[in-house]
Number of protein chains: 2
Amino acid sequence: MEPTVTPASATTDPAAGPRALAHPALAEIRIEGVLHALADPVRLRIVRQLADTTDHLACSTFDLPVSKSTTTHHFRVLRESGVIHQTYRGTAKVSGLRTEDLDALFPGLLATVLAASDRQAERLAAGLPTPG
Amino acid sequence: MEPTVTPASATTDPAAGPRALAHPALAEIRIEGVLHALADPVRLRIVRQLADTTDHLACSTFDLPVSKSTTTHHFRVLRESGVIHQTYRGTAKVSGLRTEDLDALFPGLLATVLAASDRQAERLAAGLPTPG
């Protein structure tokens with residue numbers, strides 16, 4: 001079963017114009033959707049890179065091993081689940097983590113997932129034995 | 001992109017006989033697979049129920065709003081991702097959380113996800129306003 005994603009039309013402010021991007025309101029963000037968004041290696045890589053800065057980053061900043069259309073898909077999943085905020089800066093779409101929103105809803109979740117992901121990346125890179 | 005799941009044949013001990021169930025070894029458990037397993041409302045419900053006991057529970061213990069075959073699928077996803085351990089007790093399959101393994105690999109992850117899930121369930125049940 002896939003987590004329910006709020007339709008784009010429900011949360012876009014019409015006054016923001018046709019180029020505005022749909023984001024779930026705080027009350028619409030669900031733990032299942034956030035976990036689903038984080039459960040992909042490419043999306044987790046995007047989130048880890050965004051976590052290293054307070055700035056919004058253009059999609060072109062990310063060097064990802066997937067096509068441009070797949071990249072766009074991954075950013076949309078992250079935005080529609082409430083993990084990232086996206087906006088236009090000129091002609092470029094820029095993205096930032098919704099850290100405060102996620103921390104308000106699910107305290108510690110994002111930090112714990114990022115730490116787990118970092119540990120795994122270090123372990124795999126070093127070929128270290130697993131604990132236990 | 002779906003997380004890679006270790007094929008059943010790779011991790012089953014042949015000496016354990018044909019009824020043994022495949023489980024990933026500790027070194028094979030991946031954060032992406034664990035998050036994917038937890039990103040479903042039914043599977044999260046199973047995990048929350050298992051977290052309330054140290055005992056292994058039979059699949060029939062769970063009152064889930066899905067068919068028996070879907071239930072079996074959800075338990076398999078949880079087992080193949082490394083979230084639960086399953087074994088036969090007589091003719092019944094029983095399941096328990098791999099809490100120690102998950103805590104060794106990803107400290108705090110399971111507890112944080114369970115707490116986030118509990119908070120959301122309480123908020124939705126009470127119709128409480130969201131924070132912020």
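The values are calculated or read from the model by the stated rules, or taken from the named source; none is laboratory data. The structure presented is a predicted model; accordingly, all values stated were derived computationally and were not measured. Every residue, glycine among them, receives a Cβ derived from its backbone with ideal geometry; neighbour counts consider all protein chains shown. Remember, those area values only see protein heavy atoms, side chains included, never the ligands or the DNA or RNA. Shrake-Rupley method; radii C 1.70, N 1.55, O 1.52, S 1.80 Å.
Using the Karplus curve 6.51 cos²θ - 1.76 cosθ + 1.60 with θ = phi - 60°, what ³J(HN,Hα) values do you get for each residue of segment A:74-84, in whole Hz, with x for Gly and Pro?
In residue order, the calculated couplings are 5, 5, 5, 4, 5, 6, 6, 8, x, 7, 10 Hz.
Among A:33, A:78, A:91, whose Cα sits farthest toward the positive end of the charge dipole of segment A:29-116 (+1 at Cβ of Lys/Arg, -1 at Cβ of Asp/Glu, about the Cα centre)?
Of the listed residues, the answer is A:91.
Within 10 Å of each Cβ in peptide B:111-124, how many partner chain Cβ atoms are there on average? Round it to a whole number, please.
Neighbouring Cβ atoms belonging to other protein chains average 4 per residue here.
How would you order A:50-57, B:120-127 from highest to lowest mean count of nearby Cβ atoms within 10 Å?
A:50-57, B:120-127
Aspartates and glutamates within cross-link reach of residue A:93: Cα-Cα under 20 Å, excluding same-chain residues under 8 positions apart?
Cα-Cα hits under 20 Å: A:13, A:52, A:55, A:63, A:80.
Please compute the average number of Cβ atoms from other chains found within 10 Å of each residue's Cβ in peptide A:27-39.
Per residue, the average neighbour count from other chains is 6.
For q = 0.20 Å⁻¹, what log10 I(q)/I(0) does segment B:29-116 give under the Debye formula with an equal point scatterer on each alpha carbon and no solvent?
For segment B:29-116 at q = 0.20 Å⁻¹, log10 I(q)/I(0) is -0.91.
Quick one: with label points 7 Å out along Cα→Cβ, list the inter-copy distances for residue A:118 in nm, shortest first?
Here the equivalent label points are 2.6 nm apart from this one.
Residue by residue, what Karplus-based ³J(HN,Hα) values in Hz, rounded to whole numbers, does segment B:118-125 have, using 6.51, -1.76 and 1.60 with θ = phi - 60° and x for Gly and Pro?
So the J values, rounded to whole Hz, are 4, 4, 5, 4, 5, 5, 5, 5.
List the distances, in nm to one decimal, from the label point of residue B:91 to the label points of the same position in every other copy, shortest first, placing each label point 7 Å from Cα along the Cα-to-Cβ direction.
So the label point of residue B:91 gives 6.9 nm to the other copies.
Within 10 Å of each Cβ of B:46-55, how many other protein chain Cβ atoms are there on average?
0
What total accessible surface area, summed over both chains, is buried at the interface between chains B and A, computed with a 1.4 Å probe and given in Å² to the nearest 100?
In total, this chain pair buries about 2900 Å².
How big is the accessible area of residue A:59 in square angstrom, nearest 10, if you roll a 1.4 angstrom probe over the protein chains?
Counting only protein heavy atoms, the figure is 40 Å².
For the peptides B:97-106, B:32-41, what is the packing order when you average, over each peptide's residues, the other Cβ atoms within 10 Å and list the highest mean first?
With the highest mean Cβ count within 10 Å placed first, the list reads B:32-41, B:97-106.
Once you charge only the Cβ atoms, +1 for Lys and Arg and -1 for Asp and Glu, what is the size of the charge dipole of segment A:29-116 about its Cα centre, to the nearest 20 debye?
Dipole magnitude for segment A:29-116 comes out near 320 debye.
How far is residue B:73 from the same spot in each other copy, in nm, shortest first, if each label point sits 7 Å from Cα toward Cβ?
In ascending order, 1.9 nm.
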